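Take a look at the structure below.
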Amino acid sequence: MIASDGIDGVLNLYRCSQIGFPYESEIIGAAQSFSSRGLAQILSNENLFHLLDSRQREEIKFALAFPRRCLLSRMEARSIVRRLWPSSGLRRKCLELACVDLEALQKDYQNEMYALERWLDEQRFEESAFPRKRLPKLFIGAAMSMFEPQFSSYRTTFTKISCLIATMDDLFDLPTSNYEGLCHLRDAFQRWDASPVENLPQHKAIFKSFQQNLTEIAATARTIQGRNVLPYIKEAWQDVLDVFLIEAEWRISRHIPSFEEYLPVAVTSSTAIASLSTFILILGMPITDETLRFIGKDSRLLYLASLASRLTNDVVTSASEEAEGKLFNAARCHLKDDGNCTREDAVVTVKEMIDASFRELEHEMFRCRGNVPEECIRAVLGWVQAMCISYRKLDGYKSMKDTEYEELVKDYIGS
C-alpha cells in the first residue's frame, strides 16, 4: 500500500522511469513496473482516491495514458493548462500567457491546413485514394513536435509527404493492384521519369506528385545547405519503392518471411528513414556530411526511430491487415520462426523489442547531441512519438473508431 504522502514521489518515479539507456533496462524496468502498479492502485483504491483533488487525479490518469513515447510536448502543455486553470496570482498570469500562445499557434495551424487542403485538391487524386478527413491526422504529428511559427514549412512539408506516402502505401496494399503496374511505378522512381506509368493514371499522379514535391524540397534545401541534395533525397525514396515492391510480392504470393528476412524490409518500408533524412534538410540549419553520419539515412539514430515506429504499427494493425490478406508482420514472422510459441507470446516478444528499441533510441539521441542540431533530434523524437500516439489503440490514421484520437486532433488544431 502506498501512503498518501508518497503519491507525488511515485508519480515522479514513473515519469523518470520513462527514460533509460539499454544498460539500465533491468533497474529502470523494475522502477516502471513498481510505479505504474502503484499509480493504478491509487486510482482504484477508494481510500487513497478520495485524498486526491481533481487535478491530481487527472494528472495521474494522463501520465498513465500517455507515457513519454506517446507524449508530444504540446500535448503535455495543454494538459497542464487544463489541470491548473483557473488558479490565481502569478500562476494565473502564466496560464493566461500559455493560452494566448496556444491560440496564436492554432490560428497558424488552421491557415496551414487551409493551404494543405488546396494543395490536396491540386494533386488530382481520387477521393477514395486519399480522403480529405485524414489530412489533419497527418498534420498533427508535426504540429505537436515542431510547433513554433518558424517551422511552418516543416509542418506543411511533413504533411504533404505523409499524404503521398499514405496514398502510395494504400495503392501497394490494394488486392486489386496489378503487380506489373506496381513494377512500373518503381521503375518511374528509379528513372525519375513518368514514362513507365504513362498509361496508369493513378500511378502517374502519385509519381508526379512525389517528383514535384521532392524537387521543391530539394530546391528549398539547396538555399539552406548550399549544395544539390536531390540525388540524396531520390536515393532514399528509391529504396522505399524497392521494399514496397518486395512487400507486394509477399502479399500476392501469401508469403510469410522469416523475421530476419522481414526486419530490414519493414524498417525501410516504414518510411521513417526516407522521410526524416529528407525533412531535416529544410529545418533551417546546415547539415554537414559529418552530421549525416549521425542522422543521415544510414545512421543508427534513424534506424532505431524506424524500427520503433514499424514494430509499434505492427502490434496494433496485424490482426486487421492479416484479415485483408497481408500475412506478414513482426509477430507473425516471429511465430513462423518459433513454432513452439503462441501468438500472444510472439506479441509479447515484439513489445519487448519496442521497449528495447526506445531505450537504445534514447541513448543514441544523447550520444548525438553536440554533433546534431537539437531541432533535428526533436524532429526524430517527434516522428516516433506521433507514430506511437496514433497507434496507441487503433490505426489512428485510417480508423474512425478511435474517437479519443479524433478528439485530440480536433482539439489541438481547432475547427
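The values are calculated or read from the model by the stated rules, or taken from the named source; none is laboratory data. It should be emphasised that the depicted structure is a prediction, and the values quoted were computed from it without experimental measurement. Heads up, the Cβs are rebuilt from the backbone with ideal geometry, glycines too, and the neighbour counts pull from every protein chain shown.
What pairs come out if I take residues in the stretch 76-93 that are at positive phi and pair them with residues that are surrounded by 15 or more Cβ atoms within 10 Å (Cβ to Cβ) and assigned to a helix (DSSP H, G or I) whose C-beta lies under 9 Å away, six or more apart or interchain?
87/95
Quick one: how many residues across the stretch 220-238 are of a type in the set (A, V, I, L, M), assigned to a helix (DSSP H, G or I) and surrounded by 18 or more Cβ atoms within 10 Å (Cβ to Cβ)?
Adding up the residues that qualify gives 3.
Output the residues belonging to the stretch 286-296 that are part of a loop (DSSP other than H, G, I, E, B) and either surrounded by fewer than 16 Cβ atoms within 10 Å (Cβ to Cβ) or of a type in the set (Lys, Arg) (or both).
Within the stretch 286-296, 286, 288 meet the criteria.
Just to verify a result, which residue in the stretch 192-206, among those that are modelled with pLDDT of 95 or more and assigned to a helix (DSSP H, G or I), is surrounded by the most Cβ atoms within 10 Å (Cβ to Cβ)?
Checking each candidate, the answer is 197.
Among the candidates 142, 188, which residue alone is touching a His at 6+ places or on another chain (Cβ under 9 Å), in the same structural domain as residue 310 (by TED's automatic domain parsing) and buried (at least 16 other Cβ atoms within 10 Å of the Cβ)?
188
Quick grid of which residues meet (1) among the polar types (S, T, N, Q); (2) outside the structural domain of residue 151 (by TED's automatic domain parsing); (3) closer than 26 Å to residue 266 by Cβ:
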residue	(1), (2), (3)
193	no, no, no
199	yes, no, no
207	no, no, yes
214	no, no, yes
217	no, no, yes
222	no, no, no
234	no, no, yes
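Scan the stretch 100-109 residue by residue and report those that are surrounded by 13 or more Cβ atoms within 10 Å (Cβ to Cβ) and either touching a residue at least 12 places away in the same chain (Cβ under 8 Å) or not charged (D, E, K, R) (or both).
102, 105, 106, 108, 109
Just to check your reading of the model, which residue among 97, 64, 71, 39 is crowded, with 17+ Cβ neighbours inside 10 Å, modelled with pLDDT of 85 or more and not basic (Lys, Arg)?
39
In the stretch 307-329, what count of residues is obtained for those that are over 14 Å from residue 389 (Cα atoms) and out of contact with any helix residue (DSSP H, G or I) (no Cβ under 6 Å at 6 or more places or on another chain)?
Matching residues across the stretch 307-329 total 8.
Which residue out of 283, 307 is in the same structural domain as residue 346 (by TED's automatic domain parsing), over 20 Å from residue 364 (Cα atoms) and among the aliphatic types (A, V, I, L, M)?
Result: 283 is the single residue among 283, 307 that is in the same structural domain as residue 346 (by TED's automatic domain parsing), over 20 Å from residue 364 (Cα atoms) and among the aliphatic types (A, V, I, L, M).
Step by step: first the residues of the stretch 331-368, then only those that are touching a His at 6+ places or on another chain (Cβ under 8 Å) and at pLDDT 90 or above, then the one that is farthest from residue 18 (Cα to Cα). Which residue is that?
Of everything passing the filter in the stretch 331-368, 346 is farthest from residue 18 (Cα to Cα).
For the stretch 253-280, how many residues are part of a helix (DSSP H, G or I) and closer than 17 Å to residue 164 by Cβ?
10
Quick one: count up the residues across the stretch 297-328 that are closer than 30 Å to residue 150 by Cα and in contact (Cβ under 8 Å) with a residue 60 or more places away in the chain.
Result for the stretch 297-328: 8.
May I ask you to list the residues in the stretch 1-36 that are of a type in the set (Asp, Glu) and either over 30 Å from residue 367 (Cβ atoms) or at pLDDT 85 or above (or both)?
Within the stretch 1-36, 5, 8 qualify.
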